[in-house]
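The values are calculated or read from the model by the stated rules, or taken from the named source; none is laboratory data. As the structure is a prediction and not an experimental result, all values here were calculated from the model. No Cβ is skipped: glycine too gets one built from the backbone with ideal geometry, and neighbour counts run over all protein chains shown. Side chains included, ligands, DNA and RNA excluded: accessible areas come from the protein's heavy atoms. Shrake-Rupley method; radii C 1.70, N 1.55, O 1.52, S 1.80 Å.
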Amino acid sequence: MNIYLDNAATTSLDERVFEAMKPYFIDQVGNPSSIHSHGRSIRSAIEKARKQIADMFRVAPSEIFFTSGGTEADNTIIKNTIDHYGIKHAITSKIEHHAVLHTLEHLEKEGKIKLHFVDIDGEGQINYEHLTKLVSGHKNSFVSLMYGNNEIGNILDIERVGEICHEHQAFFHSDTVQSLGQCDLDLSKIKINAIVGSAHKFHGPKGIGLMYINADKPIPPLLIGGGQERNMRGGTENVPGIIGLAKALEIGFSELEETQLKLLNFKKYTIKKLKENFDNISFNGLSADFEKSLHKVLNISIPGVDDNDMLLFNLDINGISVSGGSACGSGTSIGSHVLDALNIEGNPGTLRVSFSKYNTIEEIDYLLNKLKEIL
Ligand SMILES: Cc1ncc(COP(=O)(O)O)c(C=O)c1O
């Protein structure tokens, strides 16, 4: 058996996405900046993709910019908003992805900002009263709070945060990498300045992402070069990537209901079976709350496991890929800053299982059987 249950780390490419991208690797040769017909035809494909994406989010195409992924988009927005608007206070939470957390910490180390952490409870829910206090106490602040957490699946009340930030003139950025393509985000109804996305999280290709930046508060680019992306991101466009991103989003939106139902059923089934088979099993964050978490993420603590790496290793040699937390860039296991922030003692026996539309109940049964054998 070869079972992939780490879809919060990355997902496999949908074959329909691959088919849409294929001509742009082979036949469609032009550079979109060239003015000849080959170039113009590629430019037109990019702008069609941009318009299609903008329509899905109910925003203007001029507010969508393509990047190399979520990390670049987060870095661009965080660094350049703070720099451009002379922001001195940033507010975030301890459960953000490192693309946000490390960037903000870096700016604090450089003396550019003072970083404030909004209180969270033991389930990783942010304290909205504390957030209000922080933004009202620091005028012209930068707020970065993620919409869907990659480790514990928590979903933020993004409309409420938008209202709070708007009332106190704070710039609101949300890392929406885990939720794009898996939820219907109508940005015309949310008071938000910027969001980011990454195609490989929703069955698109790796190395392509996007940022939405509301036209009311424009920012300068991070990468300066040939004036691509209307001077917002230098560098020849990743054309097959952009086509693939748009196609993956289109599929994500058009199959939203059936996919979400499938993922929810996987989650419900896994929780039920784990409870039946393991005493005192618990679920971290809000990952087991069907209303308040991403259906694809389930974060589990199994009592009596004192070597988490060994558990992951044993599952791995049985052909099962799950994770102990987020996928770490260095390939080493360093524990989870998210579970630390929730005060989950020493992160004992923690597994993050994350589902995709390509999983099956048989695969989940196989995981459960192997867990019973190993433990
Ligand atoms: C919440 C979140 N933000 C940002 C990223 C980084 O995205 P990318 O891999 O496209 O740089 C990830 C990927 O792990 C993520 O889960």
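State whether the residues of the range 119-126 include one that is in contact (Cβ under 8 Å) with a residue 40 or more places away in the chain, of a type in the set (S, T, N, Q) and more than 11 Å from the ligand (Cβ to nearest atom).
So in the range 119-126, the residues in contact (Cβ under 8 Å) with a residue 40 or more places away in the chain come out as 120, 122-125.
Those left that are additionally of a type in the set (S, T, N, Q): 125.
Imposing the further condition that a residue be more than 11 Å from the ligand (Cβ to nearest atom) reduces the set to 125.
Within the range 119-126 (the criterion being in contact (Cβ under 8 Å) with a residue 40 or more places away in the chain, of a type in the set (S, T, N, Q) and more than 11 Å from the ligand (Cβ to nearest atom)), the answer is yes, since at least one residue qualifies.
Looking at (1) open to solvent by 60 Å² or more (accessible area, probe 1.4 Å); (2) within 16 Å of the ligand (Cβ to nearest atom); (3) of a type outside the set (A, V, I, L, M), which one does GLY70 not meet, given that it meets all the others?
So the condition that GLY70 fails would be (1).
Look at THR103 and say whether it is in a helix (DSSP H, G or I), in contact with an Asp or Glu (Cβ under 7 Å, 6 or more places away or on another chain) and not basic (Lys, Arg).
For THR103, the condition - in a helix (DSSP H, G or I), in contact with an Asp or Glu (Cβ under 7 Å, 6 or more places away or on another chain) and not basic (Lys, Arg) - is met.
Please go through the range 91-121 and pick out each residue that is over 15 Å from ALA341 (Cβ atoms) and not hydrophobic (A, V, I, L, M, F, W, C).
Result: THR103, HIS106, GLU108, LYS109, GLU110, GLY111, LYS112, LYS114.
Using the structure shown, decide if GLY148 is on the phi > 0 side of the Ramachandran plot and crowded, with 23+ Cβ neighbours inside 10 Å.
Numbers: on the phi > 0 side of the Ramachandran plot: no; crowded, with 23+ Cβ neighbours inside 10 Å: yes.
When the stated conditions are applied, GLY148 does not pass them.
For the structure I just gave you, tell me whether LYS22 is open to solvent by 60 Å² or more (accessible area, probe 1.4 Å), at negative phi, assigned to a helix (DSSP H, G or I) and touching a Ser or Thr at 6+ places or on another chain (Cβ under 7 Å).
For LYS22, the condition - open to solvent by 60 Å² or more (accessible area, probe 1.4 Å), at negative phi, assigned to a helix (DSSP H, G or I) and touching a Ser or Thr at 6+ places or on another chain (Cβ under 7 Å) - is not met.
Listed residues SER179, SER174, SER141, SER188; which is in contact (Cβ under 8 Å) with a residue 60 or more places away in the chain, touching a strand residue (DSSP E or B) at 6+ places or on another chain (Cβ under 6 Å) and among the hydroxyl-bearing types (Ser, Thr, Tyr)?
SER179
Does ILE334 satisfy being at pLDDT 95 or above and either β-branched (Val, Ile, Thr) or part of a strand (DSSP E or B) (or both)?
Considered against the rule, which asks whether it is at pLDDT 95 or above and either β-branched (Val, Ile, Thr) or part of a strand (DSSP E or B) (or both), ILE334 comes out as no.
Have a look at LEU131, LEU115 and point out the one that is out of contact with any Cys (no Cβ under 8 Å at 6 or more places or on another chain) and assigned to a strand (DSSP E or B).
Unique residue meeting the criteria: LEU115.
If the requirement is being without any contact (Cβ under 8 Å) to a residue 12 or more places away in the chain and either among the β-branched types (Val, Ile, Thr) or surrounded by fewer than 14 Cβ atoms within 10 Å (Cβ to Cβ) (or both), which of these qualifies: ILE95, ILE35, ILE42, ILE3? Steps first, please.
Values: ILE95 fails: without any contact (Cβ under 8 Å) to a residue 12 or more places away in the chain; ILE42 fails: without any contact (Cβ under 8 Å) to a residue 12 or more places away in the chain; ILE3 fails: without any contact (Cβ under 8 Å) to a residue 12 or more places away in the chain.
Every option except ILE35 fails the conditions.
Tell me, which strands (runs of 3 or more DSSP E) lie completely within the range 167-283 with 2 or more residues that are polar (S, T, N, Q), open to solvent by less than 10 Å² (accessible area, probe 1.4 Å) and within 13 Å of the ligand (Cβ to nearest atom)?
Details: elements: 171-175, 194-198, 209-213.
Ranges flagged: none.
From the set of residues in the range 79-92 that are surrounded by 17 or more Cβ atoms within 10 Å (Cβ to Cβ) and over 18 Å from ASP216 (Cβ atoms), which is nearest to the ligand (Cβ to nearest atom)?
THR92
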